[in-house]
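Here is the structure we will look at, set down as C-alpha cells.
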Amino acid sequence: MGHGDRRLRFIGVLDRFITVMGLLFAWLTVFPIAFFSLLQIIDRKLKLGVSSVLPDVSTALLFIMIMMLFGFTYLRDGHVRVDVFRRRWPARRLAVIEIIGVVLILLPLCAILAVFGWDGLMRTTKFADFDVWAMRVAAVVGPVFLGLAGVAVGLRNIAFLRGKTDAGAPLPEAGSHG
C-alpha cells in the first residue's frame, strides 16, 4: 500500500468522523431545542413560572449545535460563499485557493478559537452551571472539529492537484447551493 492510499484513507476517516459527530450533535440538540421551546410556550400560556430557565437552556443548546456543526457544514460546502468569481474558475484554481484559505485563515482561526475557548473553560467550570460548562466545552471542541475538517479539505485538494482524486473539496454538489 502506497503513501497516497494511506493519505486518502486518512482523509476519508477524518471526513467520516466529522460527519458522524456533526450528525450526532445535530440530532442530540435539535429535538431538545424544540422541546424546550414548546415548554416555553406552554409555560407562558399557563403561567407556571419556569420560563426564566427555559430560554437559557434553549440558547445553550443552540450554541452547542452551531459550534459542533461548523466542521460538518464546511465539509458539505454548506456555508455561504461569494461565488461571483468562483463559478467561472477551473477546479485546479479553486483547489489552490481552498488550500491557501485553509492554511492562512481557517486553521489559524480554529487555533485561536480553541485556545481562547480552553482558557474560558478553565476559568469557568469551577463555579459554572452545567449549561455554561457545556457551552464552554463546545467552544473548544467545535473549532477543533472545524480545524480537522479544514485539514481534510486541504489534503483532499492537495491530492486533487497531484492527480490522486477526481475532484477537490469541498464538493459544491454536496452542499445545499451547488
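The values are calculated or read from the model by the stated rules, or taken from the named source; none is laboratory data. Model, not experiment: these values are computed from the prediction. FYI the Cβ positions are ideal-geometry reconstructions off the backbone, even for glycines, and counts take in every protein chain you see.
Worth a mention:
- Conditions (1) within 16 Å of the chain's Cα centre (by Cα); (2) within 19 Å of F17 (Cα to Cα); number of the one not met by L155: (1)
- Count of segment 121-142 residues, restricted to those that are without any contact (Cβ under 8 Å) to a residue 24 or more places away in the chain, within 21 Å of A26 (Cβ to Cβ) and of a type outside the set (A, V, I, L, M, F, W, C), is 1.
- Selection within segment 126-147: residues that are touching a helix residue (DSSP H, G or I) at 6+ places or on another chain (Cβ under 8 Å) and either assigned to a loop (DSSP other than H, G, I, E, B) or surrounded by fewer than 19 Cβ atoms within 10 Å (Cβ to Cβ) (or both). The member of this set that is modelled with the highest pLDDT is V144.
- Lone unmet requirement of (1) touching a residue at least 60 places away in the same chain (Cβ under 8 Å); (2) within 13 Å of I64 (Cα to Cα) for F17: (2)
- Checked against the criterion of being part of a helix (DSSP H, G or I), without any contact (Cβ under 8 Å) to a residue 12 or more places away in the chain and more than 25 Å from W27 (Cβ to Cβ), segment 90-99 contains one or more residues that satisfy it.
One line per residue, one yes/no per condition, for (1) of a type in the set (A, V, I, L, M, F, W, C); (2) under 21 Å from the mean Cα position of the chain (by Cα):
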{"site": "D56", "(1), (2)": "no, no"}
{"site": "G71", "(1), (2)": "no, yes"}
{"site": "A95", "(1), (2)": "yes, yes"}
{"site": "L106", "(1), (2)": "yes, yes"}
{"site": "F130", "(1), (2)": "yes, no"}
{"site": "A134", "(1), (2)": "yes, yes"}
{"site": "A138", "(1), (2)": "yes, yes"}
{"site": "F145", "(1), (2)": "yes, yes"}
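- Residues in segment 83-100 that are aliphatic (A, V, I, L, M) and closer than 15 Å to R162 by Cβ: A91, A95, V96, I99.
- Some residue of segment 74-83 being surrounded by fewer than 17 Cβ atoms within 10 Å (Cβ to Cβ), of a type in the set (V, I, T), out of contact with any Cys (no Cβ under 9 Å at 6 or more places or on another chain) and modelled with pLDDT of 85 or more: no
- Residue within segment 108-125 that is within 30 Å of K164 (Cα to Cα), buried (at least 16 other Cβ atoms within 10 Å of the Cβ) and under 15 Å from the mean Cα position of the chain (by Cα) present: yes
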